[in-house]
Amino acid sequence: MPGRKRPSKPATAGVAGAPVKNFRQRYDDLERSRTALLQRLDRHKKITRAHPSAKRALKLLNDTFRGASVAQRAAVLQAADWLITLIEMTPPMV
């Protein structure tokens, strides 16, 4: 609109004074989180092989994560984290 004043400084998301991360930094952070979750799932191989949700956790961390947009990947990791926590809390099935 003509005559409209523009802000002198672009609005930044997040905590005031915190540096804003660029796309590559956010992408790398998500990849590191994914790797950490895969290692956490791998740590409990004996439990995860017997647990019915183990395949779903791997599907979340691999197929679903890769198919999601970068903006959605954080939510996919959060769901995988919840599922891995659930797997760790349940006793192994015999």
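Structure summary
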{"read-out": "Which listed residue, of 93, 1, 89, is exposed (fewer than 10 other Cβ atoms within 10 Å of the Cβ), at pLDDT 75 or above and over 11 Å from the mean Cα position of the chain (by Cα)", "value": "89"}
{"read-out": "Hits in segment 16-63 - residues which are at pLDDT 85 or above and aliphatic (A, V, I, L, M)", "value": "20, 30, 36, 37, 38, 41, 54, 57, 58, 60, 61"}
{"read-out": "Selection from segment 16-68 of residues that are among the hydrophobic types (A, V, I, L, M, F, W, C), open to solvent by less than 60 Å² (accessible area, probe 1.4 Å) and outside any helix (DSSP H, G or I)", "value": "18, 68"}
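The values are calculated or read from the model by the stated rules, or taken from the named source; none is laboratory data. Computed from a prediction, not measured in an experiment: that's the story for all the values here. Note: ideal-geometry Cβ built from the backbone for every residue, glycine included; neighbour counts use all protein chains shown. In case anyone asks, the SASA skips ligands and DNA or RNA and just uses the protein heavy atoms, side chains included. Shrake-Rupley method; radii C 1.70, N 1.55, O 1.52, S 1.80 Å.
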